[in-house]
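Here is the structure we will look at.
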Amino acid sequence: MNKVEHIGIAVSSMENSIALFEKLLNTPCYKQEKVESEAVNTAFFQTGQTKIELLEALNEQSPVAKFLAKKGEGIHHIAFEVADIKAEMKRLQAEGFVLLNEAPKRGADNKWVCFLHPKNTNGVLVELCQDAG
Ligand SMILES: CC[C@H](C(=O)O)C(=O)SCCNC(=O)CCNC(=O)[C@H](O)C(C)(C)COP(=O)(O)OP(=O)(O)OC[C@H]1O[C@@H](n2cnc3c(N)ncnc32)[C@H](O)[C@@H]1OP(=O)(O)O
Ligand SMILES: [Co+2]
């Protein structure tokens, strides 16, 4: 795990939260991107070596909609940058972590991603990210 690539934050209104985080971080949102496969709209802020990723549900089936209904707005996941996501997935599976997707899938911001179930990570949803080149 090279570094924290981003911290994912679940929000109810992307428009309101972009305005809030632009004030808080004193930096503009550098990208908004819909990830249909995850039923999320994302917005990114660069904060030094890491990023903030705001997440808004695109529909009621979105994992973010379920999270918001259950827990409300707040930190949703921590993403770690890895050099070789397939090797990391193999290593983590061998260590007993439950992978939520068997193969790397396309994430936002030009990444390959994989998620680990929070039941094996002290209740923290963990995402692995590798640059898709
Ligand atoms: C990929 C695009 C973008 C990127 O960075 O590129 C993203 O990050 S997209 C982010 C949205 N996508 C995901 O979150 C995909 C992975 N998530 C899942 O597969 C599900 O959300 C899952 C399996 C974590 C939970 O889904 P489930 O249907 O099982 O929901 P439950 O409410 O029944 O949850 C079961 C259990 O897990 C706890 N939980 C759920 N979400 C989280 C979370 N974000 N952090 C910590 N814990 C979480 C939930 O409280 C339940 O625990 P329990 O003790 O039973 O209450
Ligand atoms: Co993420």
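Taking amide H as placed 1.01 Å from N in the peptide plane, V40 has its amide H under 5 Å from the amide H of V35, L58, each at least 5 places away in sequence or on another chain. Kirkwood hydrodynamic radius computed over the chain comes to 15.1 Å, based on all pairs of distinct alpha carbons.
Among the lysines, which fall within straight-line cross-link reach of K66, defined as a Cα-Cα distance under 27 Å, with same-chain neighbours fewer than 8 residues apart omitted? Cα-Cα hits under 27 Å: K31, K34, K51, K105, K111, K119. Per-residue 3J(HN,Hα) values for the stretch 60-77, derived from phi via the Karplus relation 6.51 cos²θ - 1.76 cosθ + 1.60 with θ = phi - 60°, read 5, 7, 4, x, 6, 5, 5, 5, 4, 5, 8, 10, x, 5, x, 4, 9, 7 Hz in sequence order (x marks Gly and Pro). Rolling a 1.4 angstrom probe over the chain with all protein chains present gives an accessible area of which 52% lies on carbon and sulfur atoms. When only alpha carbons are used to place a centre, the stretch 96-133 and the stretch 32-55 end up 15 Å from one another.
Look at the dipole of the chain built from charges on Cβ: of S37, H117, I75, the Cα furthest out on the positive end belongs to H117. Remark: the chain carries a charge dipole of roughly 260 debye about the Cα centre, counting +1 on each Lys and Arg Cβ and -1 on each Asp and Glu Cβ.
Taking amide H atoms as placed 1.01 Å from N in the peptide plane, the amide H of G107 lies under 5 Å from those of W112, V113, each 5 or more residues away in sequence or on another chain. Between helix 85-94 and the chain, what is the angle of the helix's C-alpha long axis to the longest principal axis, kept within 0 to 90° and rounded to the nearest 10? Relative to the chain, helix 85-94 is tipped by roughly 60 degrees. Each of the peptides 82-88, 7-13, 50-56, 110-116 was scored by the mean count of other Cβ atoms within 10 Å over its residues; in descending order, highest first, they stand as 50-56, 110-116, 7-13, 82-88.
Rounded to the nearest 10 degrees, what's the angle between the helix 14-25 long axis and the longest principal axis of the chain, both from Cα atoms, 0 to 90? Orientation of helix 14-25: about 90 degrees from the principal axis. Remark: the chain carries 56 Å² of accessible area per residue (probe radius 1.4 Å; ligands, DNA and RNA excluded).
Each DSSP beta bridge with both residues in the stretch 3-131 is either parallel or antiparallel, and the antiparallel ones are about 75%.
The values are calculated or read from the model by the stated rules, or taken from the named source; none is laboratory data. These numbers were taken from a predicted model, which means no experiment stands behind them. Positions of Cβ are generated from backbone atoms using ideal geometry, with glycine treated the same way; all protein chains shown enter the neighbour counts. With ligands, DNA and RNA removed, areas are computed over all heavy atoms of the protein, side chains included. Shrake-Rupley method; radii C 1.70, N 1.55, O 1.52, S 1.80 Å.
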